[in-house]
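Q: I'd like to ask you about the structure that follows.
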Amino acid sequence: MNSKPELVLPAGSMELLKAAVFNGADAVYLGAKRFSARATAANFEASELREAIAFCHSHGKKAYLAINTLIKDSEMGEAIDLAKQAYLADIDAAIVQDLGLIKALRGLLPDLPLHASTQMTCHNKQGAEFLASLGMKRIVLARELSLKEIKEIKETLRPLNITVECFIHGALCFSLSGQCLLSSFAFNKSGNRGRCLQPCRLNYSLHSADKKEHKKGFLLSMKDLTTIDNIPELIDAGIDAFKVEGRLKDSQYVGSVALVYRKAIDKCFGIGAGPLRDDIKRMRMAFSRDPTTGYMFWNSEMVSSDSPAPRGVPAATYIGKSSDLMKLKLLERIEVGDKLSALKVDSVSEITIKKILEKSRRPDGSALVKPDNMIELEKGQMLYLVSSERLKLQESPRLQKIAAKPDLRKVNEVEFSQKKKELFDFAITQASKKSAPGFAIFVDEGNIKELAVHLTGASRIICHTQSPKHIEYFKRILPGREIYFKTPNFQTSSELDEFEPVVQSSKIVCSNLGALDICIKNKSTFWVDRELNIFNSLAVGLMAELGAEMIVPSAECSLREIKAMPLKEMIMPMSFFYPLLMTSRAYSKSGELKGKEYMLTDRMGYKYKVTLDDKRILRLYNPLPVDMLPELGKLSDFALFGVDLRAVEKSDARKILENLQKLKNPENKNPGRIFKNFTRGHYERDVE
């Protein structure tokens, strides 16, 4: 058997940290007041951070600081200083997402261990090798991987002495982490910045292009990951660290989950008998939606379309009522003071048991109870136990205040300041080179035949490519043309192995870290596209150092932020595109969606185009296009503009290309708008 995995628990506050430590966590991950992917958690002030680290170390536990959001140029100095404070306080590692911050910390604090956040969407062995080349000591893998895929990545990293961490419990995102822009474009609250408003938990309707399929419900709301019965298999897979989601949950959740998984792990190594039935009930009572073993085992539907609400432990079914009494059929031991909940589609109603009429108990388990308030229920409706003094986890011992220790590590302040200055000197260096403006046109296999004749004026043609067979198709349609091939933002290790020979002889637009890795290794001509979240000047600099020919900034960057970036001759803003809001594997093995094109409608009536590719990867697009074509003067700092025709109706795509032809005539400065309904996206609105 492999060595005992590290059990890593969330600590959104000192109370949660205590609950994790005293109930069996080996390590905690926590955030400061800024740059945490859970910005709405309590999080830690700088002084509290020192105390938290000292507390963990005094109990033989590790502490990891999550600086795992995308960082703006204006914030980079503060993010670096936060990492430095944590380093001086002896933090065990920093968890990071932003490529620019990685570049800065590797240069400024080379002895600070860095862990790649799940927000970096590492989902193939090639991407893992790329992160290893950047100096990551641990990689928190994307949650969308099967156990077989995880093992493959682990074996790739084993000789490099880099550890692998996987989520084993807690809430799941519908989209690949790091690839979700739904909250960002709908509410200006970015998941990549820790401010997701969870629109995936709302009600939607869906219909297929042929109108034959129609569904309603919480179609993007995922079940909760629960792998307590699969711990031996996870250990055998060689996973180095088991991670639990939940910095926004309470101490009962953190403590009960820590206790259950601690006992389950220890049992595999001959220590103890494993979790008790009451331990499992306590964990489910603390917070649980419908359970799933997730993508690692993929033996259940991923989406809980009936309700996104937590359930608790099934405890009773409703039979009827009489006056102020309820008749229930009890499935669990219920006591006075216990709280029961009933699901109401997207909400929860609760009652507290005030009295149980003992004489009313019957052999079939039915009994009369008096609740604190009478709620409307249907006969046979399930009631769930959500609070029980009998099952309540004992409070952690009172925390003795841990005195902040003096700096345990040292930094040469003069050298640090000089290196930091050099980083930012680069960041404000503006390029002087500029060439004639042109358009890079993105097309896919669905519209290339009809549009090929209209592409004569394109400076570059970029083809959305799913596999090598698509590449041959594009070459036949566009003979003799110079084509760039854009990779999907999700490619398995085996798909990239198959794709690598193409990289050796073609020009590639990279949309995932694995594609970037094989382009660098093969010394290919490559671009870096939106999905790699290039968000600041340091990330631009890193991509330039790695050999990128062209860089498309994150779709969450404002125009002001893009204009402040260096190396403008290498930067291509998108002038027209439908933002890709979600990429998901959730329906890949489901029988629910059988077609390839759908329309998703939200509660406000907005319609989102949804596609499923040959691998059943679902992609959801913004209802409105980002359209800056009639306002190209605002992008005048740049020489090349992107126009992505994916998700565009063919007739509209032809009109766009005809208008681009008109722009070649100096007299046609403004071709007019094709789309009455459009958005400028984040170009004129800084994302939060």
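Any read-out appearing in this document is the output of simple, stated calculations on the displayed coordinates, not a laboratory observation. Just so we're clear, the structure is a prediction, and the values are computed from it rather than from any experiment. Ideal geometry is used to build each Cβ from the backbone, glycine not excepted, and the neighbour counts take in all protein chains shown.
Q: How do Trp527, Trp298 line up, fewest other C-beta atoms within 10 Å first?
A: By the 10 Å Cβ count, ascending, the order reads Trp298, Trp527.
Q: Something else now. Using only Cα atoms, find the angle between the long axis of helix 277-286 and the longest principal axis of the chain, and express it within 0 to 90 degrees, rounded to the nearest 10.
A: Result, in degrees: 50.
Q: Pull up the DSSP beta bridges for the chain and report the antiparallel fraction as a percent, rounded to 5.
A: Expressed as a percentage, antiparallel bridges in the chain total about 50.
Q: Rank-order 510-520, 569-579 by packing density, defined as the average count of other C-beta atoms within 10 Å over each peptide's residues, highest first.
A: Descending mean neighbour count gives 510-520, 569-579.
Q: Continuing with the same structure: Could you compute the net charge surrounding Lys521? Neighbours are other residues with a C-beta less than 13 Å from the C-beta of Lys521; K and R count +1, D and E count -1.
A: -2
Q: A further question on this structure: For Lys148 and Gln198 in one chain, what is 0.36 nm times their gap in residues minus the Cα-Cα distance, to one decimal in nm?
A: Computed gain between Lys148 and Gln198 is 15.0 nm.
Q: Suppose the chain between Thr40 and Glu376 were pulled fully straight at 0.36 nm per residue; how much longer would it get relative to their current alpha carbon spacing?
A: Result for the pair: 117.6 nm of gain on full extension.
Q: Please rank Ile471, Ile508, fewest neighbouring Cβ atoms within 10 Å first, as an exposure proxy.
A: Placing the least packed residue first, the sequence is Ile471, Ile508.
Q: Could you sort 135-148, 153-166 so that the peptide with the highest average Cβ count within 10 Å comes first and the rest follow in order?
A: So the peptides 135-148, 153-166, ranked by packing, come out 135-148, 153-166.
Q: Return the tail of the calculated pair distribution for segment 313-387, meaning the percent of Cα-Cα pairs more than 19 Å apart.
A: Cα-Cα pairs of segment 313-387 separated by over 19 Å account for 22 percent.
Q: For segment 16-73, what is the per residue volume of the convex hull drawn over the alpha-carbon atoms, in cubic angstrom?
A: 80 Å³
Q: Same structure again: Considering the Cα positions of segment 86-163, please state its Rg to one decimal place and its Dmax as a whole number of Å.
A: Just the Cα atoms of segment 86-163 yield Rg and Dmax of 12.5, 39 Å.
Q: Report the Stokes-Einstein translational diffusion coefficient (µm² s⁻¹, integer) for segment 117-156, Rh taken as the Kirkwood radius over Cα pairs, at 4 °C with viscosity 1.567 mPa s.
A: D = 130 µm²/s.
Q: Then there's this: Using a 10 Å cut-off on Cβ atoms, rank the peptides 78-89, 413-424 from the highest mean neighbour count down.
A: Most protected by this proxy first, the peptides run 78-89, 413-424.
Q: Could you tell me which of rounded, prolate or oblate describes segment 512-593, using a ≥ b ≥ c as the square roots of the eigenvalues of the alpha-carbon gyration tensor, with rounded for a/c under 1.5 and, failing that, prolate when a/b is larger than b/c and oblate otherwise?
A: oblate
Q: Calculate how steeply helix 251-268 sits against the longest principal axis of the alpha-carbon atoms of the chain, using the helix alpha-carbon long axis, and give the answer as 0 to 90 degrees to the nearest 10.
A: 90 degrees
Q: Also, I was wondering about something else. In degrees from 0 to 90, rounded to the nearest 10, what is the angle of the helix 147-157 Cα long axis to the longest principal axis of the chain?
A: That works out to roughly 60 degrees.
Q: Given just the C-alpha atoms of segment 30-136, how large is their convex hull per residue in cubic angstrom?
A: 104 Å³
Q: Could you give the distance between the Cα centres of segment 569-618 and segment 179-199, to the whole Å?
A: 16 Å
Q: Would you calculate, for the chain, the mean residue ellipticity at 222 nm contributed by helices, counting each DSSP H stretch of 4 or more residues as -39,500 (n - 2.57) and dividing by all residues, to the nearest 500?
A: Mean residue ellipticity, 222 nm, calculated: -8000 deg cm²/dmol.
Q: As a footprinting exposure proxy, order Asp73, Asp364 by other Cβ within 10 Å, with the fewest listed first.
A: The most exposed by this proxy come first: Asp364, Asp73.
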